[in-house]
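This report concerns only the one structure given below.
The values are calculated or read from the model by the stated rules, or taken from the named source; none is laboratory data. Source: prediction; values computed, not measured. For neighbour counting, all protein chains shown are included, and Cβ atoms are generated from backbone atoms with ideal geometry for every residue, glycine included. Heads up: the accessible areas ignore ligands, DNA and RNA and are worked out on the full protein's heavy atoms, side chains in. Shrake-Rupley method; radii C 1.70, N 1.55, O 1.52, S 1.80 Å.
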Amino acid sequence: MDSTAEPSAHRTAEPAGWERLAPGVVRRRLPGWDETIGAVAGEHGVLVIDTGATLADGAMIRREVTALFGRRPTHVVLTHPHFDHVLGTAAFAGCEVYAAVGMADLLRRERDDLREDAQRHGVPGDTAAEATDLLVIPHHEVSGELVVDLGGRRVLLANVGPGHTGHDLAVLVPGTPEVVFCGDLVEESGEPQAGPDAIPARWPAALDRLLALGGEDARYVPGHGAVVDAAFVRAQRDELAGTPGGGPPAAGDR
């Protein structure tokens, strides 16, 4: 196992469902809402990107990431404040939690709305209530860019929004290839979803910033769906801008 903490050859029962994107960089698509979970390992730290829709999701993610890399997660990044990406965070006790600036106040203010949104999408009431009661407020907010040092690997957090929401945070993992976790600024398994907190007029510019961050050769990991390339992100950007022949994002609230 090298400094990027590849899954160990000595482990006989690696958890299924994880896709390796680069050395020490993995992701999984969860069942249900098809949300992406990412994980990045350095020599001393393990960073998890988004935490699922329930505490059970979060516990499963923490357990499987620990099995993959041989140590527990140390950092959590929340790409945006929707229930299917944040409600598992309380399962990551002891981790430093990062989000875009303003998200901490939003989660404090809209805890009940988050619970109702989860229930509306099919999360059982008791399960949603438990997760929102224990909701973790981010410890660190990113207004521009912030580097997180995992030991032998530095990961860049970039506030590239607004777009899908008013609080969109992307994660760039340098390497060969570079990997960009996009949150729901990019979606592959369906049309981009625009809920009441979306800012469609500014979404194309957010994707321009995302493309500038990763460049032409990066692997772009959407919040829902398969990994894509820069050409896909650019085409989605043009559709959101209405050129050529595109239009606004699909109505939704995921």
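The residues of segment 124-165 that are out of contact with any helix residue (DSSP H, G or I) (no Cβ under 8 Å at 6 or more places or on another chain) and among the β-branched types (V, I, T), listed by number, are V142, V147, V148, V155. Consider V97 carefully, then state whether it is open to solvent by 10 Å² or more (accessible area, probe 1.4 Å) and in a strand (DSSP E or B). Spelling it out, it is not the case that V97 is open to solvent by 10 Å² or more (accessible area, probe 1.4 Å) and in a strand (DSSP E or B). Which numbered condition in (1) open to solvent by 20 Å² or more (accessible area, probe 1.4 Å); (2) assigned to a helix (DSSP H, G or I); (3) under 22 Å from D34 (Cβ atoms) is the only one that L207 fails? Every listed condition holds for L207 apart from (1). Taken over segment 158-201, the residue count meeting the criterion of being of a type in the set (V, I, T) and farther than 13 Å from V227 by Cα is 6.
Screening T79 with (1) surrounded by 24 or more Cβ atoms within 10 Å (Cβ to Cβ); (2) among the hydroxyl-bearing types (S, T, Y); (3) not in a loop (DSSP other than H, G, I, E, B) gives one miss only, at (3). When segment 152-167 is filtered for residues that are of a type outside the set (A, V, I, L, M, F, W, C) and surrounded by 15 or more Cβ atoms within 10 Å (Cβ to Cβ), the ones remaining, listed by number, are G152, R153, N159, G161, P162, G163, H164, T165, G166, H167.
Filtering segment 32-65 to residues that are open to solvent by 10 Å² or more (accessible area, probe 1.4 Å), acidic (D, E) and under 16 Å from G17 (Cβ atoms) leaves D34, D57, E64. Being in contact with a helix residue (DSSP H, G or I) (Cβ under 7 Å, 6 or more places away or on another chain) and touching a residue at least 60 places away in the same chain (Cβ under 8 Å) holds for only one residue in H75, H80, H44, and it is H80. Among the conditions (1) assigned to a helix (DSSP H, G or I); (2) open to solvent by 40 Å² or more (accessible area, probe 1.4 Å), P196 misses just one, which is (1). All conditions but one from (1) modelled with pLDDT of 95 or more; (2) open to solvent by 40 Å² or more (accessible area, probe 1.4 Å); (3) outside any strand (DSSP E or B) apply to R11; the one that does not is (1). In segment 168-179, which residue that is touching a residue at least 24 places away in the same chain (Cβ under 8 Å) and farther than 14 Å from D50 by Cβ is most open to solvent (accessible area, probe 1.4 Å)? Top of the filtered list is T176.
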